[in-house]
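Participant: Okay, handing you the structure first.
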Amino acid sequence: MGPKTEDGHTTGCFEGFKLRFSRKSPATRTLSTFRSGLAPSKPSEKMLAPSQHFDFGVPSGWGLSSEQSSLDSFLPPYTTQMNASRTSGVVDSVAGKTINSVLDELEPELYQLSMDIHDHPEIAFQERYARDTLTAFMRRHKFNVTSEYLGLETAWRAEYSYGNGGKVIGINSEMDALERIGHACGHNLIAASGCGIAVALKAALETHDIPGRIILLGTPAEEGGGGKIILLQRGAYDDMDFCLMSHPGPGPLHSFDIGATTAVQTFEVEYLGKGAHAGAAPWEGINALDAAFLAYSSLSVLRQQMKPTHRSHGIVQGRDWISNVIPDNARLRWQVRAPTYDEMSILAQRVRKCFEAAALATGCSVNIDEEPPYQDLKNNPILARIFGQIVQTQYGQNVSTNGSAASTDFGNVSYYLPALHPLYTIPTEPHGGNHTPAFTKASATKEAHAASMIATRGLALTALCVLQDDALFLEVRNSNL
């Protein structure tokens, strides 16, 4: 699904890294509804140095919950006996060592790539510098690149195939920043990580004669516009067998979360009234601002009857307002969130009635536009378990399944095919989480890059496990049915 126009806005992304959910439901490879959970176990004593820049002593503690939960308590057992030792065997294999070696060599280049994107922030559907920089990087590493992919100017696709047959791994690189505050959601890290995963897997396929195909998508407009939803509708994900990416946030250091995110619906509401002199003849006017604030008040009252896991938030805007003229226009941009798409849809209908009632009460006309919803994230449980075991046993990370109150257009992707979107923590200042200037600063640090490299290694090795194991791949696919 996609917005009306490329410069439209839908939903912000990772603003609330704390809310916890646990729910399960089947999903089919169609554009519809759900997600599942997972959690941590004790880190192994075995621990590889993830980066020359990583410092486990950096203070932290802002977003991902410090509560611990067990991977085994959330996920079904593997019928293939794909336990931690088997995962470790893949990581310690020559192909696994190739991935780590390539990423060791590539790390300084990925850091510079991330910083370059960070220093040139671009908002939704305007990511031209990022597109050109990232596609140039992928061309240098011998990928076949398509710019302006599927009619989206700033979307792109980088592809590499080796041998005949094999599985198709999808990877996403987000690129967009936030207006005025830049890369306050760390998409510079996500962009570079996607490139690193793709290049490392390419080396493993070539070096060890593993057939397969790698598709890296440069996905615009996650913060507003639903770039992945547009690409999904246009067939960008049709060739993939599974798809991976990660996302940074605040919280206890060396931590990952593989839980859910919320579904979100965005409304654009416009009230139209009639202007008049506010002093001489206010009775001749129809006050659109009154309608907006009546709706705002109704929405505030509605919160008393909302569940603790639901969210309702937004802003009031207008054009050419002056204090001595009855406003003839007012707009609300409003979002509602809930743990599941079905819950969110019910809440959205209640919110819509608040908008309609305000128009009726004030005599204004109203236009209510519902933008394409972001579905809740459904991490594939088998991919999640593999990834969790790798980052725990190989890199000493804590893994939880508490989930987040944030939302992402990758949620829609996760309903279409097996997908994994772990959250990881980077050091930032207290109360300096996603969508703050402090997080913009944090996403440019070497410590943030080091944490991103752990995610990059973990996802590349997860993909390698599935690429090399047909039985495991069947479990991945069947667990999404």
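The values are calculated or read from the model by the stated rules, or taken from the named source; none is laboratory data. Quantities reported herein were computed from a predicted structural model and do not represent experimental measurements. Neighbour counts are summed over all protein chains in view; Cβ atoms, including those assigned to glycine, are modelled from backbone coordinates with ideal geometry. When the accessible area is computed, the model is the full protein with side chains, heavy atoms only, and any ligands, DNA or RNA have been set aside. Shrake-Rupley method; radii C 1.70, N 1.55, O 1.52, S 1.80 Å.
Participant: So how exposed is D369, as accessible area in Å² (1.4 Å probe, rounded to 10)?
Facilitator: 40
Participant: Please give the net charge around E284, taking every other residue with its beta carbon less than 13 angstrom from that of E284, where Lys and Arg add +1 and Asp and Glu add -1. Before the final figure, lay out each step's value.
Facilitator: On the way: positive: K274; negative: D328.
For residues surrounding E284, the net value is 0.
Participant: Go through the range 448-460 residue by residue and turn each phi into a ³J(HN,Hα) via Karplus (6.51, -1.76, 1.60, θ = phi - 60°); whole Hz please, and just put x for glycine and proline.
Facilitator: Those phi angles translate into 5, 4, 4, 5, 5, 5, 5, 4, 4, 5, x, 6, 4 Hz.
Participant: On the full set of protein chains, 1.4 Å probe, figure out the accessible area of F267 and give it in Å² to the nearest 10.
Facilitator: 0
Participant: Run the accessible area of the range 289-408 with a 1.4 Å probe and give the carbon-and-sulfur part as a rounded percent.
Facilitator: Values: 2430 of 4620 Å².
That share works out to 53 percent.
Participant: Once phi is turned into θ = phi - 60°, what whole-Hz ³J(HN,Hα) does the Karplus curve with 6.51, -1.76 and 1.60 give for every residue of the range 144-151, x standing for Gly and Pro?
Facilitator: Taking θ as phi minus 60°, the curve returns 7, 10, 10, 8, 6, 5, 6, x Hz for the range 144-151.
Participant: Next question, about the same structure. Using a probe radius of 1.4 Å on heavy atoms only, what accessible surface per residue do you get for the range 276-428? Whole Å² is fine. Intermediate values should be presented prior to the final figure.
Facilitator: Values: 5460 Å² over 153 residues.
Normalised by residue count, the accessible surface of the range 276-428 is 36 Å².
Participant: Using 21 Å as the Cα-Cα cut-off, could you pick out the over-long pairs in K167/K202; K228/K441; K353/K378; K142/K446; K142/K167?
Facilitator: Details: K167/K202 13 Å; K228/K441 26 Å; K353/K378 30 Å; K142/K446 27 Å; K142/K167 19 Å.
K228/K441; K353/K378; K142/K446, as the Cα separations exceed 21 Å there.
Participant: A further question on this structure: For an R0 of 22 angstrom, estimate the FRET efficiency from the Cβ-Cβ distance between K446 and D119 and round to the nearest 0.05. Let's see the in-between values first.
Facilitator: Values: r = 15 Å, r/R0 = 0.67.
Result of the calculation: an efficiency of 0.90.
Participant: Something else about it: Calculate what fraction, in whole %, of the accessible area of the range 87-204 sits on carbon and sulfur atoms when a 1.4 Å probe is rolled over the protein chains.
Facilitator: Values: 1980 of 4120 Å².
Result for the range 87-204: 48 percent of the exposed heavy-atom area is carbon or sulfur.
Participant: How do E223, E148 stack up against each other in accessible area, from largest to smallest, with a 1.4 angstrom probe? Walk me through the intermediate numbers first.
Facilitator: Values: E223 20, E148 110 Å².
These residues rank, largest area first, as E148, E223.
Participant: Can you tell me the alpha carbon radius of gyration of the range 371-458 divided by the globular rule-of-thumb value 2.2 N^0.38 Å? The partial results should precede the final answer.
Facilitator: Working: Rg = 14.4 Å, N = 88, 2.2 N^0.38 = 12.1 Å.
In units of the globular-protein estimate, the range 371-458 measures up at 1.19.
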